[in-house]
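Reviewing the structure listed below.
The values are calculated or read from the model by the stated rules, or taken from the named source; none is laboratory data. Computed from a predicted structure; not experimentally measured. Ideal geometry is used to build each Cβ from the backbone, glycine not excepted, and the neighbour counts take in all protein chains shown. What goes into the accessible areas is simple: the full protein's heavy atoms, side chains included, and nothing from ligands, DNA or RNA. Shrake-Rupley method; radii C 1.70, N 1.55, O 1.52, S 1.80 Å.
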Amino acid sequence: MPNVVGRSRTAPFGLLRGTRPGVCLNPYHCQANRRWPAPEPALPAPPAVIAVIPARLASTRLPNKPLLDATGQPLIQHVVERVGEAGRVRRIVVATDAQRIVEAVQAFGGEAMLTRPDHANGTSRIAEAVERLDDLPDDAIVVNVQGDEPEIEPAAIDALVEAMARQPQVPMATLGSAFAAGEDPADPSIVKVVTDRRGRALYFSRAAIPYDRDAVGVRRLKHPGLYAYRRAFLLRYASWPATPLERAEQLEQLRALEHGQAILVVRVDVASHGIDTPEQYAAFVQRVRARRSGA
């Protein structure tokens, strides 16, 4: 079955809702009759969890996007602060090709790294940043958060980290989410994912997969663009050339599948969206102002 997240933000690492902590005074009663679910064994903390946010100025639909500040703060600050609400993330680094973004991040006390300007995608930029961070061990968990996601759910980030911690053999993880009302599975701008019974990705596509030939009512999953990697795997993954399916679908995660690598898909329903257009940014500004006014 896919990995379904039903975990309390306030529960200890590894404790699900509905578990009852405490001391069992009657071992036979507890083990044989199971009047309440036994808590899962506690997990050791990952050696390191870092979120890296790729950000660049050259957006054709929304120029200078990371620095837009109609809310009184640059957009990239909103993203960093939102990621900082995730309980499992211990460090946040913005990886950018623009000195102006570095200065903006440093101005609000964030950490930024200037990277090469020739990266083909955000994953490649993140890999450069991670390679230059010598203090990160190879099994560190690297979370890739897009620089235009100021309303990303911190619980979704924590879900990825916890899933990777529970399955240390998995090199990469991402999200699968139910479609919201009004979203069309046939829309090629919404990526779909199909998983196996263990929650591993079988395929990602812009097409409406799986195809429901006999209208039996399949439940499709959309794929929000949030990833987590082991550091060592990320460096190998970024070094591989683009693969045929990746080029056809313009989905870089297919490169991992074409190389036979497992991608764990964690089921978390998310409502946040990236900001790609002036209209989307204007709507975000209105939401921020409404929250600040208490409306």
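To keep it simple, each residue is scored yes or no on (1) in a loop (DSSP other than H, G, I, E, B); (2) touching a Lys or Arg at 6+ places or on another chain (Cβ under 9 Å).
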{"position": "Arg88", "(1), (2)": "yes, no"}
{"position": "Ile101", "(1), (2)": "no, yes"}
{"position": "Gly109", "(1), (2)": "yes, no"}
{"position": "Glu128", "(1), (2)": "no, yes"}
{"position": "Leu136", "(1), (2)": "yes, yes"}
{"position": "Val143", "(1), (2)": "no, yes"}
{"position": "Ala181", "(1), (2)": "yes, no"}
{"position": "Ser189", "(1), (2)": "yes, yes"}
*Taking the options Gly260, Gly274, Gly225, Gly217, name whichever one is out of contact with any strand residue (DSSP E or B) (no Cβ under 9 Å at 6 or more places or on another chain), under 27 Å from Glu151 (Cβ atoms), surrounded by fewer than 20 Cβ atoms within 10 Å (Cβ to Cβ) and not acidic (Asp, Glu).*
Gly274
*Taking the stated definitions as given, is Gly87 out of contact with any Gly (no Cβ under 6 Å at 6 or more places or on another chain) and either closer than 25 Å to Val285 by Cβ or exposed (fewer than 14 other Cβ atoms within 10 Å of the Cβ) (or both)?*
no
*asked:* Which numbered condition in (1) in a helix (DSSP H, G or I); (2) at pLDDT below 95 is the only one that Phe233 fails?
replied: (2)
_Any residue in segment 42-68 that is open to solvent by 60 Å² or more (accessible area, probe 1.4 Å) sitting within a Cβ distance under 8 Å of a residue that is modelled with pLDDT under 80? List the pairs, counting only those 6 or more apart or interchain._
Ala42/Pro12; Ala42/Phe13; Ala42/Gly14; Ala45/Phe13
*Would you tally the residues in segment 137-155 being touching a strand residue (DSSP E or B) at 6+ places or on another chain (Cβ under 6 Å) and either modelled with pLDDT of 95 or more or within 15 Å of Gly274 (Cβ to Cβ) (or both)?*
6
*Could you please tell me which pairs satisfy a Cβ distance under 9 Å, a separation of 6+ or placement on different chains, a first residue in segment 263-279 that is closer than 30 Å to Asp196 by Cβ, and a second residue that is among the aromatic types (Phe, Trp, Tyr) and open to solvent by less than 20 Å² (accessible area, probe 1.4 Å)?*
Ile263/Phe204
*Considering only segment 175-197, how many residues are touching a residue at least 40 places away in the same chain (Cβ under 8 Å) and either surrounded by 13 or more Cβ atoms within 10 Å (Cβ to Cβ) or more than 22 Å from Gln261 (Cβ to Cβ) (or both)?*
9
*Give me the pairs, please: first residue somewhere in segment 120-137 and surrounded by fewer than 16 Cβ atoms within 10 Å (Cβ to Cβ), second residue anywhere and in a loop (DSSP other than H, G, I, E, B), beta-carbon distance under 9 Å, and either six or more positions apart or on two chains.*
Ala120/Ala242; Ala120/Glu252; Asn121/Glu252; Arg132/Thr115; Asp135/Ala48; Pro137/Pro47; Pro137/Ala48
*Out of all the residues in segment 76-100, which are closer than 21 Å to Arg116 by Cβ and basic (Lys, Arg)?*
Arg100
*For segment 242-257, how many residues are within 21 Å of Gly176 (Cα to Cα) and either assigned to a helix (DSSP H, G or I) or open to solvent by less than 30 Å² (accessible area, probe 1.4 Å) (or both)?*
9
